[in-house]
1. Check the stretch 176-184 and report whether any residue there is touching an Asp or Glu at 6+ places or on another chain (Cβ under 8 Å) and touching a residue at least 60 places away in the same chain (Cβ under 8 Å).
2. Would you please list the contacts, defined by Cβ atoms under 6 Å and residues six or more apart or on different chains, that run from a residue in the stretch 79-90 that is under 15 Å from A120 (Cβ atoms) to a residue that is assigned to a helix (DSSP H, G or I) and not charged (D, E, K, R)?
3. Test L108 against the criterion of being free of Cβ contacts under 8 Å to residues at least 60 places away in the same chain and in contact with a Lys or Arg (Cβ under 9 Å, 6 or more places away or on another chain), and give yes or no.
4. Of the residues that sit in the stretch 167-203 and are more than 22 Å from Y52 (Cβ to Cβ) and among the aromatic types (F, W, Y), which one is farthest from the chain's Cα centre (by Cα)?
5. Has the stretch 97-104 got any residue that is surrounded by 13 or more Cβ atoms within 10 Å (Cβ to Cβ) and out of contact with any helix residue (DSSP H, G or I) (no Cβ under 7 Å at 6 or more places or on another chain)?
6. For residues that are among the charged types (D, E, K, R) and open to solvent by 60 Å² or more (accessible area, probe 1.4 Å), scanning just the stretch 17-63, find the one that is modelled with the highest pLDDT.
7. Collect the residues in the stretch 189-236 that are surrounded by 17 or more Cβ atoms within 10 Å (Cβ to Cβ), at pLDDT below 90 and of a type in the set (D, E, K, R), keeping them in residue-number order.
8. With the condition kept exactly as written, say whether any residue in the stretch 63-79 is touching a Ser or Thr at 6+ places or on another chain (Cβ under 6 Å), assigned to a helix (DSSP H, G or I) and either closer than 23 Å to L108 by Cβ or small (G, A, S) (or both).
Amino acid sequence: MKRFQSTATQTESSGIFNSRTELYRPISPVTAAPTIDYWMIFKTHSEELSKYLAAYLAQAPSNSRPTARQSLTRITIQQFHELSTDVYDELLRRQNENEVPFLPREELHPMRNQARQKLATLPTSRFEDLSSDVYYELLRRYPEFQEDVPAVPLIDYRMVFKTHSGELSKYLAAYLAKAPSNSRSSARQSLTRLTIQQFHELSTDVYDELLRRQDENEVPFLPREEFHPLRNLARQKFATLPTSCFKDISSDVYYELLRRYPEFKEDVSPLMHLSRL
């Protein structure tokens, strides 16, 4: 009598999956996902964002952007962790002296890499808005982080800029009387896109250089230890500019001061009007 092979043997020899046998094979152990210390990660993010946003937070009311911030309260901790990490990574990228371009990370989903790439294209003002949303959500979820935020001395920008404006108006009196107000439009347009902190640094550096040039003792340029090396480098470059170029830049800053604070026009030095006669 002809013998028949069992079904199990036939399927095993042909390589076809046999549910009767495969179902009972022991399952290989699954590697446990590493536990994420959300508290420690978020604390790092909070500290870095508080320093980056110091000037922004001093100016913007805490109850601004309610719709955007309300939406962050509804996302899971994992989703918020991804968003906070992406914003934090982008912040570090922007602060890198070597201007590292955006690079996708292989271990991340393509959609997330696309979102990170979009962050890299945001202008500073919009990135600060988004960063502040994340920062306030961090403080909402972890109120104890607020106690660790270092006290940042508040800058009275209006008073500082008023001083700069008054000094520049006297220095540029003859220059402004001759140059048309709509000259150097490209350079002046670029200043309108600076954040108040960035413009404060530029205005201060121009003002300091002006005082240095007007000093009778001809004080040489000296870097300041509390400033970033790149800022000291820019200040050193100001010190090497010929008078005509320095007056061009000074006029750009002066017109931007008047654009942001139109009331300063009323305080323009009488010398300005005399020079036009």
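1. For the stretch 176-184, residues touching an Asp or Glu at 6+ places or on another chain (Cβ under 8 Å) and touching a residue at least 60 places away in the same chain (Cβ under 8 Å): present.
2. Every condition considered, the pairs that remain are V87/S131; V87/V134; Y88/H45; E90/L119.
3. Yes.
4. For the stretch 167-203, the residue satisfying everything is Y175.
5. Among the residues of the stretch 97-104, not one is surrounded by 13 or more Cβ atoms within 10 Å (Cβ to Cβ) and out of contact with any helix residue (DSSP H, G or I) (no Cβ under 7 Å at 6 or more places or on another chain), which makes the answer no.
6. Here the answer is E47.
7. Result: no residue meets the conditions.
8. No, that holds for no residue.
The values are calculated or read from the model by the stated rules, or taken from the named source; none is laboratory data. Everything numeric here is computed off the predicted structure, so don't read it as measured data. Backbone-built Cβ (ideal geometry, glycine too); neighbour counts: all protein chains shown. For accessibility, only protein heavy atoms count, side chains too; no ligands or nucleic acids. Shrake-Rupley method; radii C 1.70, N 1.55, O 1.52, S 1.80 Å.
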